[in-house]
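See below for the structure under consideration.
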Amino acid sequence: DDRFSAKGQMTVAACAELVRQGDPDRFQSAMTAPMAQRGGLMVLYAFNLELARAAVSSREVLIAQMRLQFWSDILDGIATGNPKGGHEVARPLADLVSARAVPVGLLEQMVQARQFDATGAPHASEAAQNAYIDATAGSLMWVSALVCGADKAQEAAVRQAGFAAGAASLLAAAPALFALGHSPLFDPYPAGIRGLAEAGLAALNQAKTTALPRGIYPALRAGWLARPILTRALRDPALVLENRLH
């Protein structure tokens, strides 16, 4: 579908630059995609990056929540056919939703999950932590796979791969989040770190039991560092606390 790439070349380029600077691992994975998919992945990754930044942008919970509400309002406008501006990612995101029939509900799920980050509070349980990872990284990988042509039958396996990528990212980012006064892990001690690493590796191994079409590999490659990161965390949880994991 050429409509997306033709409608906002400069704004898609701006999204790619945001990702290059702020999320270099996903930028590298997106650059392996065919041109027809690359722009859409860059827009989704830029959107995800802006959500992550908004959620931890202020120690004042209300301010962070207001910044996330901005993105909910953007999505409401897209869903009702009245897309709003106000951010360089907003227009290309609206164009992507229109051209590729991206489910806005999935994007809103990502916004709502980030409300947890805004509070800085610890997860209430291991199950709540895992649900958060699925709603953020799992949903991002699934919507990325949809942009690459995935179908509903592949959702479970893609989300498992997304969970593994999200668990790895959360462990790698934990020291920076601790420094901001946040509590990103339900159990920030060695046993809890090992438990999350084990869950991530189990999800990744389960995902690999499903044969997925090569066309969606560019979306899956966003988790290219998950296995080595999770393996190191499982072997030596101190690497997480000492910020030596990535």
Please compute the contact order of the chain in relative form: average sequence separation of alpha-carbon pairs under 8 Å and at least six residues apart, divided by the residue count, as a percent.
20
With Rg and the Kirkwood Rh both taken from Cα atoms, where does Rg over Rh land for the stretch 114-222?
1.00
In sequence order, calculated HN-Hα J values of the stretch 181-189 (Karplus, 6.51, -1.76, 1.60; Hz; x Gly/Pro):
x, 9, 10, x, 10, 4, 10, x, 9
Could you work out how far apart the two model spin labels at Lys152 and Val61 are, taking each label as a point 7 Å from the Cα in the direction of the beta carbon, and quote it in nm?
3.8
Per the helix-only calculation at 222 nm, which mean residue ellipticity applies to the chain, given -39500 (n - 2.57) for every DSSP H run of n ≥ 4 and division by its residues, nearest 500 deg cm²/dmol?
-21000 deg cm²/dmol
Accessible area per residue in Å² at 1.4 Å probe, computed on the chain:
45
In what order, largest first, do Asp134, Asp95 sit by accessible area if the probe radius is 1.4 Å?
Asp134, Asp95
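Find out how many positive minus negative residues lie around Met42, taking Lys and Arg as positive, Asp and Glu as negative, among other residues whose Cβ is under 11 Å from that of Met42.
That sum, taken over residues with Cβ under 11 Å, equals +1.
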Which percent of the accessible area of the chain is formed by carbon and sulfur heavy atoms (probe 1.4 angstrom)?
56
For Ala202 and Thr80, what does the FRET efficiency come to when R0 = 35 Å and r is the distance between their Cβ atoms, rounded to the nearest 0.05?
0.30
Using only the alpha carbons of the chain, determine the length spanned along each of the three principal axes and report them from longest to shortest in whole angstroms.
49, 44, 29
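Once Rh is set to the Kirkwood radius over Cα pairs, what Stokes-Einstein translational diffusion coefficient, in µm²/s, holds for the stretch 197-246 at a temperature of 25 °C and a viscosity of 0.890 mPa s? Intermediate results must be reported in sequence, preceding the final value.
Numbers: Rh = 12.0 Å.
D, rounded to a whole number, is 204 µm²/s.
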Take the chain, connect every pair of alpha-carbon atoms lying under 10 Å apart with a spring to form a Gaussian network, then pick out the residue of Pro184, Pro103, Pro175 with the largest mean-square fluctuation.
Pro103
Using heavy-atom solvent-accessible surface (probe 1.4 Å) with all chains present, what is the largest-first order of Ser169, Ser72?
Ser169, Ser72
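The values are calculated or read from the model by the stated rules, or taken from the named source; none is laboratory data. Just so we're clear, the structure is a prediction, and the values are computed from it rather than from any experiment. So basically every Cβ, Gly included, is an ideal-geometry build from the backbone, and we count neighbours across all protein chains shown. The protein model used for the area step is the full one, side chains on, heavy atoms only, and it has no ligands, DNA or RNA in it. Shrake-Rupley method; radii C 1.70, N 1.55, O 1.52, S 1.80 Å.
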